[in-house]
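Attaching a single structure in structure tokens format; questions to follow.
Please treat every number below as a calculation from the coordinates, not as lab data. Nothing here was measured: the structure is a model prediction, and the numbers come from that model. Every residue, glycine as well, gets a Cβ built from its backbone with ideal geometry; the counts of neighbours run over all protein chains shown.
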Amino acid sequence: MSMASQHFSLKELADGVYAAIASDSGGAFSNAGIIDLGDSTLVFDTMNTPVAASDLKCAAKELTGRSVYYVVNSHWHADHWMGNQVFDQRAMIISTPETLELMRSELDDILESQRDYSGFQKEIEDYEKIFQVESDPLRKEVLRSTISRWRFELEALPGLEPRLPNMTFEKMITLHGKRRQAELYNAGKGHTVSDVFLVLSEEQIVFWGDLGFFSCQPYMASCDLEGWKSQILSMTQSLYKHFIPGHGPLGNQMDLRLEHEYIVTLEEKVRRAFQDGVSVEAALSQISLPDPFNDWIYNGAHRFEANVRFLYEYFKEEQE
Ligand SMILES: [Zn+2]
């Protein structure tokens, strides 16, 4: 594979099947996939910025010899579809109806951030100041990659023309190619209200979208807690071997089990704090996670805070 990108690295999973794993600093932020169906080319998710998606599009062309025809958006979070706009006008952009609706409701916010990004600029500058004085090497590394990602997002803002899916499916759809077929499933409630994953059953490969966060903290703030746990558990009952998560490195069944364990462990710890009447602020500083999850904290420190706050709200609603 000759194609090199600062935004991701390509891994060949089978002949004609590739994972684009996001670099720590770059404009991708989330992983994507390139699949040669034999007579058409599919891309699974389009990353966080058009500049990263342009590299993904070039890689797809180079690896499969043709332009991308199918673009799948796994869910509504911007870091998985802000690259849609770079693909051919004739491309079919596929998601579920729920995801399309949520993307549509994001458009005003995106326009607003394009009109005035002084606040965002200021936030980046503040982070740069913190970065200068941070002495802990791990935290410094996290700051460095966050700042880098935000810089790419800021640079992308003026040219952003968010492009919505033009095709939706309810439960499941199979895309038939001469070489292989790709099965798309609407998992329903999980990481968001509707998450799509893609299965290549012959190769035992699953593009798992953000139902998967491997070796890093899952982002739970817009999840359906029970739904997500059961999605992961049911996938651990499957015979599929290779999983491409939305975030983190390629994984296997073990990574699914660890991801599930992270969610359950954090849920239990936060539930205990909540029931003991500990404030959410105190919980944020008191709660620690066992190995290997304590290392995951650095990989997405803001996610830990978002998750704890989400769980507090969740338990509050449970009580009412
Ligand atoms: Zn997500």
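Within the range 1-22, find all residues whose amide N lies under 16 Å from a label point positioned 7 Å from the Cα of residue 178 along Cα-to-beta-carbon.
Those under the cut-off are 16.
In which sequence would 151, 90 go, from the one with the fewest C-beta neighbours within 10 Å to the one with the most?
90, 151
So how much slack lies between residue 313 and residue 130, counting 0.36 nm per residue of separation and subtracting their Cα-Cα distance, in nm?
Stretched out fully, the residue 313 to residue 130 stretch lengthens by 62.9 nm.
Just check the range 146-192 against the gyration tensor rule for me: Cα atoms, a ≥ b ≥ c as the square roots of the eigenvalues, rounded for a/c under 1.5, and otherwise prolate or oblate depending on whether a/b exceeds b/c. Can you show the working numbers first?
On the way: a/c = 2.45, a/b = 2.04, b/c = 1.20.
Prolate.
Right, something else. Compute the label zone of residue 230 within the range 171-190: residues whose backbone N is under 12 Å from the point 7 Å along Cα-to-Cβ.
188-190
Using the Kyte-Doolittle scale, find the helices of the chain whose mean hydropathy is at least 0.5 and whose Cα atoms extend 24 Å or more along the helix's long axis, counting only whole DSSP H runs.
The answer is none, since no helix passes both cut-offs.
Now for a different question. Could you line up 309, 163, 272 from fewest to most neighbouring Cβ atoms inside 10 Å?
272, 309, 163
Can you say what percent of the DSSP beta bridges in the range 182-320, counting only those with both residues inside, are antiparallel? Round to 5.
Counting only bridges with both partners in the range 182-320, antiparallel ones make up about 60 percent.
Stretched out fully, how many nm does the piece from residue 150 to residue 306 gain, at 0.36 nm a residue minus the Cα gap?
Length gained, residue 150 through residue 306: 54.4 nm.
Give me the percent of DSSP beta bridges within the chain that run antiparallel, rounded to the nearest 5.
Antiparallel bridges: around 65 percent, rounded to the nearest 5.
Can you give me the orientation-averaged projected area of the convex hull built on the Cα atoms of the chain, in nm²? Let's see the in-between values first.
Values: hull surface 66.8 nm².
Directional mean of the projected Cα hull area for the chain stands at 16.7 nm².
While we're looking at this one, here's another question. If the viscosity is 0.692 mPa s and the temperature 37 °C, what translational diffusion coefficient in µm²/s does Stokes-Einstein give for the range 205-261 when Rh comes from Kirkwood over Cα pairs?
Calculated translational D: 297 µm²/s.
Give me 94, 130 ranked fewest to most by other Cβ atoms within 10 Å of their Cβ, as a rough exposure proxy.
Final ranking by Cβ density, sparse to dense: 130, 94.
Can I ask one more? Assuming a ≥ b ≥ c are the square roots of the Cα gyration tensor eigenvalues, decide whether the range 261-320 counts as rounded (a/c under 1.5), prolate (otherwise, with a/b larger than b/c) or oblate.
Taking the square roots of the gyration eigenvalues as a ≥ b ≥ c, the range 261-320 is prolate.
Which of the three applies to the range 118-158, rounded, prolate or oblate, going by the alpha-carbon gyration tensor with a ≥ b ≥ c and a/c under 1.5 meaning rounded?
Oblate.
Between residue 294 and residue 253, what length comes free when the chain is fully extended (0.36 nm per residue of separation minus the Cα-Cα distance, one decimal in nm)?
12.7 nm
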